[in-house]
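Bear in mind that the values in this text are calculations on the coordinates, not laboratory data. Note that this is a predicted model, so its numbers are computed, not measured. Cβ placement follows ideal geometry from the backbone for every residue including glycine, while neighbour counts extend to all protein chains displayed.
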Amino acid sequence: MIENKFLSSVAGAIIGFILGTLFYHWPAKCLITGPIVGDEIFLPRELANALLKTSATYGGGIGVIIGILGGLAVPITMPRGYMSKAISCTCFIVCTIVAFVQYGHFLADMSGGRIAMTFGWVFILFVFSMPIGDVVSVLERIRE
């Protein structure tokens, strides 16, 4: 079967951008809002927009690089889902570490409950990183 590496890298870049933004956004959101949010349910609009822009910039950029490398590394003869699951797990590891490196200093100002919630949320993302990658595998049809 002839493989088009360009389409594989485009599919990987799209999947990587989505997953990188997602896996960067949630830990960064927990770390940034931990010391400043009181009893409010929603974040202020300016903070939410800035956080989403930062997540798309840093997490999405890292995800695009991981996605392109994943698209070039996984052959098209593998069943659908292998590439997106590999990109998902790699994006989880790298983007979560980057979020903790950038915003880890907020842990000093957070309460113990907020820290436990943050690490609990990261554990939930870890458990669901493979199913999330499987859901995004619909985008692998670009390769075919």
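Calculate how steeply helix 5-33 sits against the longest principal axis of the alpha-carbon atoms of the chain, using the helix alpha-carbon long axis, and give the answer as 0 to 90 degrees to the nearest 10.
Its long axis makes an angle of about 10 degrees.
Would you kindly state how much longer the chain becomes between R45 and T57 on full extension, computed as 0.36 nm times their sequence separation minus their alpha carbon distance, in nm to one decimal?
Length difference between fully extended and current span is 2.5 nm.
Say we join alpha carbon atoms closer than 10 Å with springs in a Gaussian network model of the chain; which of G63, G16, G133 then has the biggest fluctuation?
It is G133.
Could you tell me how many degrees, from 0 to 90 and to the nearest 10, lie between the Cα long axis of helix 45-54 and the main elongation axis, the longest principal axis, of the Cα atoms of the chain?
The angle comes out near 40 degrees.
By the scheme Lys and Arg +1, Asp and Glu -1, what is the net charge of all other residues having a beta-carbon under 14 Å from that of S88?
Around S88, the charge tally is 0.
Normalised by the number of residues in the chain, what is the relative contact order in percent for Cα pairs under 8 Å and 6+ residues apart?
42
Suppose every Lys and Arg Cβ carries +1 and every Asp and Glu Cβ carries -1, with no other charges. What dipole size does the chain come out with about its Cα centre, to the nearest 20 debye?
260
Give me a comma-separated list of calculated 3J(HN,Hα) values for the stretch 86-102, in order, Karplus coefficients 6.51, -1.76, 1.60 applied at θ = phi - 60°, integers in Hz, x for any Gly or Pro.
Residue by residue, the stretch 86-102 yields 5, 5, 4, 5, 5, 5, 4, 5, 6, 5, 5, 5, 5, 5, 5, 5, 6 Hz.
Filter the GluC sites (Glu not before Pro) in the stretch 1-82 to those in DSSP coil with at most 16 other Cβ atoms within 10 Å of their Cβ, and list the result.
Taking the stretch 1-82 and a limit of 16 other Cβ atoms within 10 Å, the loop GluC sites (Glu not before Pro) found are E3, E40.
Tell me the mean residue ellipticity at 222 nm calculated for the chain from its helices only (DSSP H runs of n ≥ 4, each -39500 (n - 2.57), averaged over every residue, nearest 500).
Numbers: 6 runs with 98 residues, N = 144.
Taking each H run of at least 4 residues, the total per residue is -22500 deg cm²/dmol.
If r is the Cβ-Cβ distance from V135 to A73 and R0 is 22 Å, what FRET efficiency results, to the nearest 0.05?
0.55
Karplus couplings for the stretch 62-73 from phi (6.51 cos²θ - 1.76 cosθ + 1.60, θ = phi - 60°), rounded to Hz, Gly and Pro as x?
The phi angles translate into 5, x, 5, 5, 4, x, 5, 5, x, x, 7, 8 Hz.
Just the projected area, averaged over all directions, of the convex hull on the alpha carbon atoms of the stretch 5-137: how many nm²?
8.0
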